[in-house]
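Engineer: Let me begin by handing over the structure; questions about it come next.
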Amino acid sequence: MISVSTITGYLYCPRKVYMNYALRIFGQKRKEAVSGNIMHAVIEHVNNNEKEIVEAIESPVLENIEIHYRANYNKALSSILEKNKIELERLKQKKEDSMAEVWPVLLKEAKLRARNVHDFMQKHNVIGKELWERLSPKYVSEVSVASYALGLNGKIDKVEMHSEDCLIPMELKTGKAPKQGLWDNHRIQLAAYIMLLKEKYSQVNEGYVEYLDVGERRKVVLNAFVENEVKELVSKVKALVSSAVPPEKEANKAKCMKCDIREQCEALK
Ligand code: SF4
């Protein structure tokens with residue numbers, strides 16, 4: 001099976017995919033990738049503990065709910081930074097600098113979550129266990145999906161659950177967002193996740209990429225055209241990783257400047 005991240009990697013550089021998956025050559029994570037992983041881990045941690053967070057809300061006042069969420073994001077961030085201590089030391093990155101880098105995005109996320117819960121409380125006048133039981137939408141993180149028919153598997157960052165069969169997949173992205181729409185690899189990634197979820201939940205037909213730095217959600221709707229694009233990419237990646245010859249180097253040298261296996265790539269014929 002091919003993972004969804006491999007097909008988006010193919011869109012970035014087929015040679016890198018070949019080196020990673022055919023030759024098992026991997027590089028060390030760069031600073032941006034480590035910061036992104038920290039952010040994902042904090043959001044995942046809060047999502048996984050949201051039942052306790054919601055049940056502990058004592059006041060329906062929006063400001064208080066925001067403070068409550070902020071405190072939980074802050075606690076999760078401190079613990080995740082501690083877990084990444086060695087990686088940060090390798091990158092010569094101070095904990096405080098990492099904190100300053102990811103905190104503005106987490107604040108936006110805390111505000112969004114607080115607003116969601118506050119609006120639900122206002123509408124339904126519920127608190128505590130009943131609030132959590134009835135709260136909609138709810139969020140689940142790191143949802144594993146796979147399909148033998150598509151030959152694809154992957155892990156979705158976040159799924160927004162409105163009811164048992166009304167699910168919306170979401171990918172969280174740090175870094176620069178396009179002025180409009182989505183970067184192509186993000187569009188394909190989301191489309192692949194929608195296809196994988198749709199196999200089990202037939203009503204799923206759309207999803208969002210959340211560009212965290214700009215605080216915007218951008219929509220992807222599944223259609224026959226994008227489904228074909230995903231299927232063709234799966235076939236191309238399968239052929240690539242079983243080929244005996246590595247593909248040519250990437251023409252866009254700006255990509256190579258940021259590549260974590262640049263030296264090994266130069267050395268490869
Ligand atoms: S250095 Fe450039 S061509 Fe080589 S794997 Fe990295 S991105 Fe691709």
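Engineer: If I filter segment 120-138 for residues that are in a loop (DSSP other than H, G, I, E, B), within 24 Å of the chain's Cα centre (by Cα) and without any contact (Cβ under 8 Å) to a residue 40 or more places away in the chain, do I get at least one hit? Step through it out loud before you land on a result.
Structural biologist: Just the residues of segment 120-138 that are in a loop (DSSP other than H, G, I, E, B), to begin with: 125-127, 135-137.
Checking which are within 24 Å of the chain's Cα centre (by Cα) leaves us with 135-137.
With without any contact (Cβ under 8 Å) to a residue 40 or more places away in the chain added as a condition, the list becomes 136-137.
Within segment 120-138, one or more residues are in a loop (DSSP other than H, G, I, E, B), within 24 Å of the chain's Cα centre (by Cα) and without any contact (Cβ under 8 Å) to a residue 40 or more places away in the chain.
Engineer: In segment 235-254, what residues are surrounded by 14 or more Cβ atoms within 10 Å (Cβ to Cβ) and among the β-branched types (V, I, T)?
Structural biologist: Hits for segment 235-254 are V237, V241.
Engineer: Mind checking whether some residue in segment 51-73 is surrounded by 13 or more Cβ atoms within 10 Å (Cβ to Cβ), of a type in the set (G, A, S) and assigned to a helix (DSSP H, G or I)?
Structural biologist: The answer is no; no qualifying residue exists.
Engineer: Going by the structure shown, is Y21 open to solvent by 50 Å² or more (accessible area, probe 1.4 Å) and aromatic (F, W, Y)?
Structural biologist: Details: open to solvent by 50 Å² or more (accessible area, probe 1.4 Å): yes; aromatic (F, W, Y): yes.
Yes; evaluated as a whole, the condition is true for this residue.
Engineer: I've got another one for you. Please go through segment 35-45 and pick out each residue that is without any contact (Cβ under 8 Å) to a residue 60 or more places away in the chain and either within 16 Å of the ligand (Cβ to nearest atom) or surrounded by 16 or more Cβ atoms within 10 Å (Cβ to Cβ) (or both). First the steps, then the outcome.
Structural biologist: Step one: list which residues in segment 35-45 are without any contact (Cβ under 8 Å) to a residue 60 or more places away in the chain, which gives 37, 41, 45.
If the condition is that a residue be without any contact (Cβ under 8 Å) to a residue 60 or more places away in the chain and either within 16 Å of the ligand (Cβ to nearest atom) or surrounded by 16 or more Cβ atoms within 10 Å (Cβ to Cβ) (or both), then A41, H45 are the ones that fit.
Engineer: On to the next question. Evaluate the following for Y139: is it surrounded by fewer than 17 Cβ atoms within 10 Å (Cβ to Cβ) and among the aromatic types (F, W, Y)? Give the derivation first.
Structural biologist: Values: surrounded by fewer than 17 Cβ atoms within 10 Å (Cβ to Cβ): no; among the aromatic types (F, W, Y): yes.
So Y139 does not fit the description; no.
Engineer: Suppose the filter is open to solvent by less than 60 Å² (accessible area, probe 1.4 Å), within 22 Å of H162 (Cβ to Cβ) and among the acidic types (D, E); does E87 pass it?
Structural biologist: Values: open to solvent by less than 60 Å² (accessible area, probe 1.4 Å): yes; within 22 Å of H162 (Cβ to Cβ): no; among the acidic types (D, E): yes.
So E87 does not fit the description; no.
Engineer: Okay, moving on. Tell me, yes or no, whether segment 47-55 has at least one residue that is in contact with a Cys (Cβ under 9 Å, 6 or more places away or on another chain) and either touching a residue at least 12 places away in the same chain (Cβ under 8 Å) or within 16 Å of the ligand (Cβ to nearest atom) (or both). Quick ask: steps written out before the conclusion?
Structural biologist: Initially, segment 47-55 is screened for residues in contact with a Cys (Cβ under 9 Å, 6 or more places away or on another chain), giving none.
Among the residues of segment 47-55, not one is in contact with a Cys (Cβ under 9 Å, 6 or more places away or on another chain) and either touching a residue at least 12 places away in the same chain (Cβ under 8 Å) or within 16 Å of the ligand (Cβ to nearest atom) (or both), which makes the answer no.
Engineer: With the requirement that a residue be assigned to a helix (DSSP H, G or I), hydrophobic (A, V, I, L, M, F, W, C) and within 14 Å of the ligand (Cβ to nearest atom), what does segment 4-32 give you? Even if it seems obvious, please write down each step before you answer.
Structural biologist: As a first pass, look at segment 4-32 and keep what is assigned to a helix (DSSP H, G or I): 4-12, 14-22, 31-32.
Filter again for hydrophobic (A, V, I, L, M, F, W, C), leaving 4, 7, 11, 17, 19, 22.
L11, V17, M19, A22, listed by residue number.
Engineer: Given the conditions (1) open to solvent by 50 Å² or more (accessible area, probe 1.4 Å); (2) outside any helix (DSSP H, G or I); (3) within 16 Å of the ligand (Cβ to nearest atom); (4) touching a residue at least 12 places away in the same chain (Cβ under 8 Å), and given that Q264 satisfies all but one, which numbered condition is not satisfied?
Structural biologist: It fails just one condition, (2).
Engineer: Quick one: count up the residues across segment 213-259 that are outside any helix (DSSP H, G or I) and within 14 Å of the ligand (Cβ to nearest atom).
Structural biologist: Filtering segment 213-259 for residues outside any helix (DSSP H, G or I) gives 213-223, 242-252, 258-259.
Those still in the list that are within 14 Å of the ligand (Cβ to nearest atom) too: 246-252, 258-259.
Counting residues in segment 213-259 that are outside any helix (DSSP H, G or I) and within 14 Å of the ligand (Cβ to nearest atom) gives 9.
The values are calculated or read from the model by the stated rules, or taken from the named source; none is laboratory data. Treat the numbers as computed from the prediction; the structure is a model and nothing was measured. Positions of Cβ are backbone-derived with ideal geometry, glycine not excepted, and every protein chain shown enters the neighbour counts. Please note that ligands, DNA and RNA were not included when accessible areas were found on the heavy atoms of the full protein model with its side chains. Shrake-Rupley method; radii C 1.70, N 1.55, O 1.52, S 1.80 Å.
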